[in-house]
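Beneath this line is the structure, given in structure tokens, with notes to follow.
The values are calculated or read from the model by the stated rules, or taken from the named source; none is laboratory data. Computed from a predicted model, the values in this text were never measured in an experiment. Quick reminder, even Gly has a Cβ in these numbers, built from the backbone with ideal geometry, and neighbours come from all protein chains shown. Accessible surface areas use protein heavy atoms only, side chains included; no ligands, DNA or RNA. Shrake-Rupley method; radii C 1.70, N 1.55, O 1.52, S 1.80 Å.
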Amino acid sequence: MDSWLSTFRFQIISWILAYNIFGISLYFILLNFQADLEQTMPLRFWPGIMTNIISGLIMGIVLGGVDILLKRISRRKRSFISHFLHKSLWYMGIFLGFVLLTAFFMQWVYKGLDIATAFQEMREGYVWNIMLAYVIFTASTSVLISFLGHLRQLVGPNKLSRLFWGRYFSPRSEERIFMFLDLKDSTAIAEKLGHVKYSQFIQDCFFDLNQVVPRFQAEIYQYVGDEAVLHWPLAIGTKNQDCLYLFRAFQQKLESKQDTYIYTYGLQPTFKAGLHAGSITVAEVGEFKKEIAYHGDVLNTAARLEKACALQDVHVLVSDTLTHILQAEFQGEFISVGQLELKGKAESIEAFTVVFPT
């Protein structure tokens, strides 16, 4: 649901801004022709602003729905350019129809003209030229917003906005949950499949991971080989125990595609995860390739817990710190595996595996 809201919010804000920037610019350009326009299309600043806001709201809702629909019906992976062109064509078709209908509606309803006269008025004088300007603007803007939307999806919606606004230009301290998610028996699988098919295998696994990530409001920090690093702000990750249930949802997603994986690769993927929570430092780093980097013991501990899963023969390990936060409302069960000596840490920590409710 949060993913849907984020998509609608992006589309609505983008189109309200776009329509108003264009509308205000056009208003001041046409002021020089106000005497000629007064009989056919009187210029009104604030009604124009309200019209642009309503138009942006409608277009944002429509195109947000298109984005969600395309995600639901297009389950196969696409290249950046293929996805971009596919979405742009949808956008442009809808926008051109919207502009033509809007222009016709203004002539027909606002001026009380019959249909034939409304079409004739549209093709004469300034109305036709202004409509053409809107068509050109709409087509070019649709391509730009399509590009930004796909870039937002590739980089991550929150990460892109944070880089844009410079939120972490100076280091900041935050409370976050980190999950290190790694493929079990990855070395043996890589030897069996060979490096090319193994890479395709990892691609498919992470594609399925991305199908469940938005439902649990997680952010993907990075992919490192066959490992994915996810994180949440503490309040979001603990709400409804999302940080735990994402792991179960990912397991269920892989199990639901067991036949496909076995047919294609001859095996079923299994992942293990380590989770920890606490205070970390966030900072924007780099110049030519800017990144938002996270530093702190939380990452090191989560990574070590994930590695310890193999030694404990469990799929998930949660630190005592995070367990104490989650256990009050968790309907399943936390089972202690005892004190663990983790590499790089001076003191041992108690870790828990998870039994999810049936």
So Gln211 fits all but one of (1) more than 16 Å from Arg176 (Cα to Cα); (2) at pLDDT 90 or above; what number is the exception?
(2)
Of the residues that sit in segment 231-247 and are within 19 Å of His295 (Cα to Cα) and not hydrophobic (A, V, I, L, M, F, W, C), which one is surrounded by the most Cβ atoms within 10 Å (Cβ to Cβ)?
Gly237
What are the pairs with Cβ atoms under 8 angstrom where one residue, in segment 216-227, is of a type in the set (Phe, Trp, Tyr) and the other, located anywhere, is outside any strand (DSSP E or B) and surrounded by fewer than 13 Cβ atoms within 10 Å (Cβ to Cβ)? Sequence gap at least six, or different chains.
none
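Answer yes if at least one residue in segment 320-329 is touching a strand residue (DSSP E or B) at 6+ places or on another chain (Cβ under 8 Å), among the acidic types (Asp, Glu) and more than 20 Å from Asp182 (Cα to Cα), and no otherwise. Before the answer, list the steps.
If we filter segment 320-329 for residues that are touching a strand residue (DSSP E or B) at 6+ places or on another chain (Cβ under 8 Å), which is where we start, we get 320-323, 325-327.
Narrowing the set further to residues that are among the acidic types (Asp, Glu) leaves 320.
Next, from what is left, pick out any that are more than 20 Å from Asp182 (Cα to Cα): 320.
For segment 320-329, residues touching a strand residue (DSSP E or B) at 6+ places or on another chain (Cβ under 8 Å), among the acidic types (Asp, Glu) and more than 20 Å from Asp182 (Cα to Cα): present.
Taking the options Ala277, Ala283, Ala303, name whichever one is among the aliphatic types (A, V, I, L, M), out of contact with any Gly (no Cβ under 6 Å at 6 or more places or on another chain), under 17 Å from Gln222 (Cα atoms) and crowded, with 16+ Cβ neighbours inside 10 Å.
Ala303
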Restricting to segment 182-205, name every residue that is within 23 Å of Asn300 (Cβ to Cβ) and surrounded by fewer than 20 Cβ atoms within 10 Å (Cβ to Cβ).
Lys184, Ser186, Thr187
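Using the structure shown, decide if Ala277 is over 24 Å from Asp208 (Cα atoms), modelled with pLDDT of 95 or more and among the aliphatic types (A, V, I, L, M). Reasoning before the result, please.
Numbers: over 24 Å from Asp208 (Cα atoms): yes; modelled with pLDDT of 95 or more: yes; among the aliphatic types (A, V, I, L, M): yes.
Judged against the criteria, Ala277 is a match.
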Counted residues, segment 335-354 - those being surrounded by 10 or more Cβ atoms within 10 Å (Cβ to Cβ), aliphatic (A, V, I, L, M) and free of Cβ contacts under 8 Å to residues at least 40 places away in the same chain:
3
Segment 200-214 residues that are aliphatic (A, V, I, L, M), paired with ones that are open to solvent by 20 Å² or more (accessible area, probe 1.4 Å) and in a helix (DSSP H, G or I) (beta carbon under 9 Å, 6 or more apart):
Ile202/Ser186; Leu209/Lys253; Val212/Gln252; Val212/Lys253; Val213/Ser3
Identify, by number, the condition in (1) open to solvent by 40 Å² or more (accessible area, probe 1.4 Å); (2) closer than 25 Å to Lys239 by Cα; (3) under 26 Å from the mean Cα position of the chain (by Cα) that His315 doesn't meet.
(3)
Lone qualifier among Met131, Met179 - being at pLDDT 90 or above and either open to solvent by less than 20 Å² (accessible area, probe 1.4 Å) or in a loop (DSSP other than H, G, I, E, B) (or both):
Met179
Are any of the residues in segment 276-286 assigned to a strand (DSSP E or B) and more than 23 Å from Arg304 (Cβ to Cβ)?
yes
Any hit, segment 39-59, residues being modelled with pLDDT of 70 or more, within 18 Å of the chain's Cα centre (by Cα) and more than 23 Å from Val143 (Cβ to Cβ):
no
